[in-house]
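Have a look at the structure below before the remarks.
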Amino acid sequence: MQDTPAPSEPSNAPVSPSGESDLPLTTLQPSTIIILLSAMMFLQFFAWGSWFATLSAAMDTHLLGAFIGGAYESAPIAAIFAPLFLGLVADRFFSSEKVMGTLMLLGGGIMLVIPGLAESASAFAAQSAAEMKANGTYDAATFLATQSADNTAGKSLVWMILAYLLCYMPTLGLGNTIAFTHIPSQDQFPKIRVWGTIGWIVAGLTLGILGWSASYNIFWLGAASSLALGALCFFLPNTPPPLRGQPMDVRSLLMVDAFKLLANWNFFVFAVCSTLICIPLAYYYGMTATYLNQTGFAEPGATMTIGQMSEIIFMLLIPFFFRRLGVKIMILVGMACWFIRYVLFALGAADQTTWMLLLAVALHGICYDFFFVTGFMYTDAKAPKAIRGQAQGLLVFLTQGVGMFFGYRIMAGGNLFGFIPLNLTFGNYGNQVTAAPQYVEALSAARGEATSSTFLQTFTKMFSRSLPESLDPAILAETMSQWRDFWLSPAIMAAAIFVLFAVSFWDRTKTGSDGNS
């Protein structure tokens, strides 16, 4: 995609992507444009964070654990196809803000259907569990297998989540295109993009305040915010397709030139390790909300916003650390923190040690910023100017697409093509938490009906944990023992990738604030 600088004054005629002078793209004042773009970023990530972060907790609480892996791997599948949609349609034929608005309105409509499907799937699961108990055949592994095979509504739920994400994922690129087109300098982009992180944080805190973290109300919130964003898009400044009139470039679409960068040994090592590290990363995104809920955090959606808060802090500190540490050390620090995070989750399981669990969540800022942000900077420095867009697209394809897809599937103990097992384990480490269905039922029964709380009481629950005294200690111990083994698997993966990168990557590329190597 080509970024067209927006004029600082609306009366100046900007240059179109084709290089010809054109009429002003918009008559909106620059201050109004900044407000609209910030609101776009806020709603865009609010709409995603309102349901995606705690999806596993909601599904697990309603006995749909068999479908968690499929629901989460919908995101990387959508991420793989999003660049093709942008390259074939959005970049050439329609204004970006109209495409984005249409996609979000369609996605909001799809999201409105999801709560009903989820309720039907949960009703089937509850009925199946009751029948199995009545027959004396209830077993966690058998129950999960039965749900995967027979729960038609659960399968439809996964397909609808995929349909929503196929609408949503292209908007990430579209939103960036709209922003870069209408700001006078790329240096202003972080000031706008940070509102996306704030939107994710506010979404999590909203779930906590309303007590919706493990409720299907997350889908209603996601639908409402998606529809609101869709409507807002039609009020955004006009953003013509950046490649209008240009012939289809298959080489660019398929990132052919970017793939040639893999001939460089250090970039190859970086690309491979970036892809591999997203496998343990998927464990965090896919199972943290479920784990926090089972360890006693009443509102895991709010608790997980600690990670986004630390992300903002370390984002601001990246230039300071980058000058002193360089690319390799920065990336290694990010990888090391992933290892530490999973070890903290594992060690904190036995006694549900609160400080360990909170610190593990807070490390997300270092994990994400030191690896991904540094990685994008490194990629920008290594790629020739003409293919920097391709190179960034390749990195997203490998990490958010390929790496996260296999990560979610391995996390859930799934398979590839129906017969290639992907249940990667290290002895007992990495086995599924098969005690979860009985434990969730016991935890729900012990907690009883939710009582109304004041705002302050609800807010306190976001960052503290407690389990009912009446909870069966035997099933608690068994479940937490399984969680310990589960989290040690991604810890081992992260440690192995850390070593691989440390001994194989020796690039001395210097990346400055100007982005030149």
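Spin-label point model (7 Å from Cα, Cβ direction): what's the LEU112 to THR152 distance in nm?
Placing both labels 7 Å beyond Cα along the Cβ direction yields 2.5 nm.
To the nearest 20 debye, what is the magnitude of the charge dipole of the chain about its Cα centre, counting +1 on the Cβ of each Lys and Arg and -1 on the Cβ of each Asp and Glu?
In debye, rounded to 20, the chain gives about 1060.
Rounded, prolate or oblate, given the Cα gyration tensor of segment 325-428, with a/c below 1.5 counting as rounded?
Because a/c hits 1.5 or more and a/b fails to exceed b/c, segment 325-428 counts as oblate.
With a cut-off of 19 Å, note down the residues of segment 321-335 whose backbone N falls inside the zone around a label point 7 Å from the Cα of PHE426 toward its beta carbon.
332-335
As a test of reading the structure, rank GLU97, GLU478 by solvent-accessible area (1.4 Å probe, protein chains only), most first.
Order by accessible area, largest first: GLU478, GLU97.
Ignoring ligands, DNA and RNA, what percent of the 1.4 Å accessible area of segment 318-372 is carbon and sulfur?
Details: 1480 of 1980 Å².
The value for segment 318-372 is 75 percent carbon and sulfur by accessible area.
At a probe radius of 1.4 Å, what is the per-residue accessible area of TRP483, in Å² to the nearest 10?
Taking all protein chains as shown, TRP483 has close to 0 Å².
Residues of the chain: accessible area per residue at 1.4 Å, in Å²?
Per residue, the chain has 42 Å² of solvent-accessible surface.
Quote the accessible area belonging to LEU359 in square angstrom, nearest 10, computed with a 1.4 Å probe and with ligands, DNA and RNA left uncounted.
Accessible area of LEU359: about 70 Å².
Hey, if you put +1 on the Cβ of every Lys and Arg and -1 on every Asp and Glu Cβ in segment 326-413, which of LEU359, PHE397, VAL333 ends up farthest toward the positive end of that dipole?
The listed residue farthest towards the positive side: PHE397.
Where Rh is the Kirkwood radius over the Cα pairs of the chain, the temperature 10 °C and the viscosity 1.306 mPa s, what D in µm²/s does Stokes-Einstein return?
The diffusion coefficient I find is 66 µm²/s.
With θ set to phi - 60°, apply the Karplus curve 6.51 cos²θ - 1.76 cosθ + 1.60 along segment 223-232 and write out the HN-Hα couplings as whole Hz, x wherever there is a Gly or Pro.
5, 4, 5, 5, 5, 5, 5, x, 5, 4
Non-local amide H neighbours of PHE297 (under 5 Å, H modeled in plane, Pro and chain starts lacking H): which ones?
Result for PHE297 returns SER466.
Find the lysine pairs in the chain meeting two conditions, Cα atoms under 17 Å apart and a separation of 8 or more places or different chains, and report how many there are.
Lysine pairs satisfying the spacing and distance rule in the chain number 6.
Of the accessible area of segment 50-201, with the probe set at 1.4 angstrom, what percent is carbon plus sulfur?
Carbon plus sulfur share of accessible area: 67 percent.
Report the equivalent ellipsoid semi-axes for segment 161-318 in whole Å, largest first, defined as the square roots of five times the eigenvalues of the gyration tensor built from alpha carbon atoms.
So the three semi-axes of segment 161-318 are 32, 24, 17 Å.
Which residue, GLY107, LEU172, LEU416, has the largest displacement toward the positive end of the dipole of the chain when charges sit on each Cβ (Lys, Arg +1; Asp, Glu -1)?
Checking the options against the dipole of the chain, the answer is LEU172.
Taking a 1.4 Å probe, which of ARG244, ARG409, ARG341, ARG92 shows the most accessible area, and what order do the others take after it?
ARG244, ARG409, ARG92, ARG341
Could you point to the residue in ALA502, HIS62, SER122 farthest towards the positive end of the chain's charge dipole, with +1 and -1 charges on the Cβ of Lys/Arg and Asp/Glu respectively?
ALA502
How big is the shadow of the Cα convex hull of segment 88-160, averaged over all directions, in nm²? Write out the running numbers ahead of the final one.
Numbers: hull surface 25.9 nm².
Approximately 6.5 nm², given one-decimal rounding.
The values are calculated or read from the model by the stated rules, or taken from the named source; none is laboratory data. Since this is a predicted model, take the numbers as computed values, not measurements. Please note: Cβ atoms are built from the backbone with ideal geometry, for glycine as well, and neighbour counts cover all protein chains shown. Ligands, DNA and RNA are excluded from the accessible area calculation, which covers all protein heavy atoms including side chains. Shrake-Rupley method; radii C 1.70, N 1.55, O 1.52, S 1.80 Å.
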